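These notes concern the structure reproduced below.
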Amino acid sequence: MEMNSIGLIELTSIAAGMQAADIMLKTSQVELIISRSICSGKYMVLIGGDVAAVRSSVESAAEQVEFAVIDTFIIPNVHPDVFPALSGHSNAIDLEALGILEAFSVASLIEGADAAAKAATVRIIEIRLAMALGGKAFCTITGDVAAVTSAVDAGALVIGEKGMLVNKVVIPRPRPELMSEMI
């Protein structure tokens, strides 16, 4: 299965989340990437596949469990850094500059991280989703200061358009001890 697109639905209800996952998997040929409860009693379902299948699955689930939907997205041609960053397996070790995007929702953060990675030559270190974060999410990126600044601004713009931006930060030449706190 071609995995050039991802889609997510974030819900207020765990039961509706499980129902949405089932709907998504039955609607089109997609791969289940993440399906789990997250902090503050929410649930998220992240799928991958070709753009049409992902779009069909997300739209069908969102329509059928509309009462519980917090946010959704479909990202065609997702940046390749997103997958390893979601699983915490990034190879980024040397921190030139550190950029941090923080959002109130999982969906808006992943969209912002993808936009950041596409906006400049940076590497996504990690995308942390709503576990022990009170339902918020954040991502960390690295690269040279100018690239990280451009990337963080691009990501913050996408997150901010949904009214979900908590904060954005760029730290030039961060201390190496910060790496132990990130992954």
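This table checks each residue for (1) touching a Pro at 6+ places or on another chain (Cβ under 8 Å); (2) at pLDDT 90 or above; (3) more than 28 Å from GLY17 (Cα to Cα).
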| residue | (1), (2), (3) |
| --- | --- |
| LEU98 | yes, yes, yes |
| LEU101 | no, yes, no |
| LEU129 | no, no, no |
| THR140 | no, yes, no |
| ASP144 | no, yes, yes |
| ALA154 | no, yes, yes |
| GLU161 | no, yes, no |
| VAL166 | no, yes, no |
| ARG175 | no, no, yes |
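Taking the criterion of being among the acidic types (Asp, Glu) and out of contact with any Lys or Arg (no Cβ under 9 Å at 6 or more places or on another chain), the residues of segment 1-47 that qualify are GLU2, ASP22, GLU31. Highlighted here are the strands (runs of 3 or more DSSP E) found entirely within segment 32-120 that include at least 2 residues which are free of Cβ contacts under 8 Å to residues at least 60 places away in the same chain and either buried (at least 18 other Cβ atoms within 10 Å of the Cβ) or assigned by TED's automatic domain parsing to the domain that holds GLN19 (or both): 42-49. Criterion first (of a type in the set (A, V, I, L, M) and either outside any helix (DSSP H, G or I) or within 19 Å of GLY112 (Cα to Cα) (or both)) does MET24 satisfy it? In short, no. Within segment 111-161, can you find the residues that are over 30 Å from SER13 (Cα atoms) and among the acidic types (Asp, Glu)? Once the filter is applied, which keeps residues that are over 30 Å from SER13 (Cα atoms) and among the acidic types (Asp, Glu), segment 111-161 yields ASP144, ASP153. Checked against the criteria, GLY49 counts as on the phi > 0 side of the Ramachandran plot, small (Gly, Ala, Ser) and in contact with a helix residue (DSSP H, G or I) (Cβ under 8 Å, 6 or more places away or on another chain).
The values are calculated or read from the model by the stated rules, or taken from the named source; none is laboratory data. All of these numbers come straight from a predicted model, not from anything done at the bench. Counting neighbours? That spans all protein chains shown, and the Cβs are built from the backbone with ideal geometry, glycine included.
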